Amino acid sequence: MIKPEEVYRIGRLGKAHGVKGEVSFQFDDDIFDRTDCDYLILEVDGILVPFFIEEYRFRSDTVALVKFEDVDTQQRAQELTGSDVYFPRSLADDDDVPSLTSLVGFDIVDAQTAAPVGRIADIDDSTANLLFELEDGRLIPAAEELITGIDTTHRQISLNIPQGLLEL
């Protein structure tokens, strides 16, 4: 059984495309194209289920058409519409800087005091300045110059937090 902490969300499936089981996939992270992984994980009825990729092709920078094994009809593809798509953390590139979406679920600690600040619930990229959205609703700048370290093993980010920011 796949556990939620073993994966991170990379997108969502859209509508069925054609009659042979293809489905549109709107993604936030193209990790599935950059690594050697034969499957994506879909959330189906609250359960994380691996679906093996037969083929895919890009329609744009954020949309791909995906054909999963054993999904051979438009009706079966329609059943997957709206499913969240996840990628296994164990297969993500640890050598490179982790993608922003893979940081969801990481804990932020103050680099100066080592005090816990909160857990990342989402990444807000709706403005020019990226923000970590914490589970309690607070927003913290995700600026590279504030990040002092990322520990992927312990799922923790050390951050130089400007004085007074947490009191806002």
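The values are calculated or read from the model by the stated rules, or taken from the named source; none is laboratory data. Owing to the predicted nature of the structure, the values given are computational and were not obtained by experimental measurement. Backbone-built Cβ (ideal geometry, glycine too); neighbour counts: all protein chains shown. The accessibility values were calculated without ligands, DNA or RNA, using every heavy atom of the protein model including side chains. Shrake-Rupley method; radii C 1.70, N 1.55, O 1.52, S 1.80 Å.
Tell me the mean residue ellipticity at 222 nm calculated for the chain from its helices only (DSSP H runs of n ≥ 4, each -39500 (n - 2.57), averaged over every residue, nearest 500).
Mean residue ellipticity, 222 nm, calculated: -1500 deg cm²/dmol.
Under a 1.4 Å probe, what is the accessible area of the chain per residue, stated in Å²? Before the final figure, lay out each step's value.
Numbers: 9950 Å² over 168 residues.
Using a 1.4 Å probe on heavy atoms only, each residue of the chain averages 59 Å².
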**Request:** Rounded to the nearest Å, what's the spacing between the alpha carbon centres of the range 128-153 and the range 46-95? Just the number, please.
**Result:** 28 Å
**Cα Rg, Dmax (largest Cα-Cα span) when computed across the range 24-93, Å** = 11.7, 35
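Taking all pairs of different Cα atoms in the range 93-158, averaging 1/r and flipping that mean, what Kirkwood radius in angstroms comes out? Show your work: numbers first, answer last.
On the way: mean 1/r = 0.0832 Å⁻¹.
Mean inverse Cα-Cα distance, inverted, gives 12.0 Å.
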**Prompt:** Top to bottom by accessible area (1.4 Å), largest first, where do Asp70, Asp84 land?
**Reply:** Asp70, Asp84
**Item:** Set of lysines with alpha-carbon distance to Lys67 below 22 Å, sequence-local pairs under 8 removed
**Value:** Lys15, Lys20
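Would you mind calculating the relative contact order of the chain from Cα pairs under 8 angstrom and at least 6 residues apart, reporting the percent as a whole number?
Working: 327 pairs, mean separation 33.8, N = 168.
After rounding, I find 20 percent.
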**Asked** Can you put Ile140, Ile53 in order of accessible area, largest first, using a 1.4 Å probe?
**Response** Ile53, Ile140
**Prompt:** If you roll a 1.4 Å probe over the range 29-117 with all protein chains in place, what percent of the accessible area is carbon or sulfur?
**Reply:** 45 percent
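Sort His17, His154 by accessible area with a 1.4 Å probe, largest first.
On the way: His17 65, His154 130 Å².
Sorted descending by solvent-accessible area, the residues read His154, His17.
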**Request:** Considering the options Pro141, Val49, Thr81, tell which one lies farthest towards the positive end of the dipole of the range 34-168, charges being +1 on Lys and Arg and -1 on Asp and Glu at the Cβ, about the Cα centre.
**Result:** Pro141
